[in-house]
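Have a look at the structure below, then the notes.
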Amino acid sequence: MKLLITGAKGQMGRALNKLLKNKAGYQLVLTDLDEMDITDEKDVVRVMTAEKPDVVINCAAHTKVDLCEDDTENAYMINVTGAGNLSKGAAKIGAKIVHLSTDYIFDGEATTPYLEESEPNPQSVYGETKLESEYAVTENNPKYFIVRTAWLYGEGNNFVNTMLRLANTQNEIRVVNDQTGSPTSATEVARVIAMLIETEAYGVYNAVCEGQCTWYDFAKRIFELAGLDVKVSPCTSLQYVTRAKRPKYSVLDNKNLREKFGYHLQPWDDALREYFAGRHN
Ligand SMILES: NC(=O)c1ccc[n+]([C@@H]2O[C@H](COP(=O)([O-])OP(=O)(O)OC[C@H]3O[C@@H](n4cnc5c(N)ncnc54)[C@H](OP(=O)(O)O)[C@@H]3O)[C@@H](O)[C@H]2O)c1
């Protein structure tokens, strides 16, 4: 099976590459901005026609949530137009498409985990573009897997690495304690994608590590596992103001993975321990 991965230099792209590069029967085509700009329809058609992948996995995105508030045009171009170009391009050659989406399509007012069919109501430009990106994918190719994840960490820019970096310069770190979600390892999501692409069970799938916590809880656990003595102080979103509004509660329920495949992702704490074990190898 030939897989074309976009955004291959990002966290998800790297996790997929690591998981699948040596898997028998798989051939990977890794692309990032230099190889194919997903906002350029002609570029996408050129690469698709030349490579003829069986599956396109779109890990490319504008993921800087705060920057998206001001860089709106680019955010739409990359997240929506880009996703649409890839979905159309994949459909033209009969390929399946996997597209990553986010918990930030929800408003965070729920008190129980969001299901795949829960009503979206994004509160940020990033969230809006990611919701639109889902439509751009599903409208253009019936062979789609929308994989919604959240609070992702792998190799690259993420909360875990930010905390570890801050620990080098600060003895005390303030972290918001009124936003609840599910920290999710990119490796765990890559495993879900590897399973899904072997099927024709097209649809929308929530894919987050099991369980929930606040950013504050997450930070404390990061420092414990890293063996760092850092004081973490809880604060509110009002005390730690960001350009984009984040949902208060954005836990996702992996209902479709569970009901269709009996598939479970690891609890977030187990996945975090696996991540730290891997970092030291
Ligand atoms: N990170 C999270 O916490 C999180 C949570 C939920 C869902 N997701 C979703 O998961 C997916 C993967 O996220 P990630 O964290 O792996 O992202 P990432 O690390 O930011 O990687 C995205 C990659 O896409 C590239 N890219 C940007 N514009 C492009 C273009 N026009 N053409 C081709 N490539 C382009 C980026 O290059 P540059 O770095 O040069 O821009 C980068 O290498 C995204 O769809 C994201 O929305 C992420």
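Every read-out reported here was derived from the displayed coordinates using simple, explicitly stated rules and does not represent laboratory data. As the structure is a computational prediction, the values presented were derived from the model and not from experiment. Neighbour counts are summed over all protein chains in view; Cβ atoms, including those assigned to glycine, are modelled from backbone coordinates with ideal geometry.
Things to note:
- In the set Glu259, Glu188, Glu200, only one residue is in contact with a Leu (Cβ under 6 Å, 6 or more places away or on another chain), of a type in the set (D, E, K, R) and under 27 Å from Glu116 (Cα atoms); that residue is Glu188.
- One residue alone among Asn157, Asn206, Asn161 is buried (at least 23 other Cβ atoms within 10 Å of the Cβ), of a type outside the set (Ser, Thr, Tyr), within 25 Å of Gly10 (Cα to Cα) and under 17 Å from the mean Cα position of the chain (by Cα), and that residue is Asn206.
- Matching residues, segment 45-59, being over 11 Å from Leu4 (Cα atoms), hydrophobic (A, V, I, L, M, F, W, C) and either within 13 Å of the ligand (Cβ to nearest atom) or without any contact (Cβ under 8 Å) to a residue 24 or more places away in the chain (or both): Ala50
- Residues in segment 39-77 that are within 17 Å of the chain's Cα centre (by Cα) and part of a loop (DSSP other than H, G, I, E, B): Cys59, Ala60, Ala61, His62, Thr63, Lys64.
- Within segment 231-239, one or more residues are surrounded by 15 or more Cβ atoms within 10 Å (Cβ to Cβ) and either touching a Phe, Trp or Tyr at 6+ places or on another chain (Cβ under 6 Å) or under 30 Å from Ser87 (Cβ atoms) (or both).
- On the stretch given as segment 111-159, residues that are of a type outside the set (Asp, Glu), in a helix (DSSP H, G or I) and either touching a strand residue (DSSP E or B) at 6+ places or on another chain (Cβ under 6 Å) or over 17 Å from Leu252 (Cα atoms) (or both) total 10.
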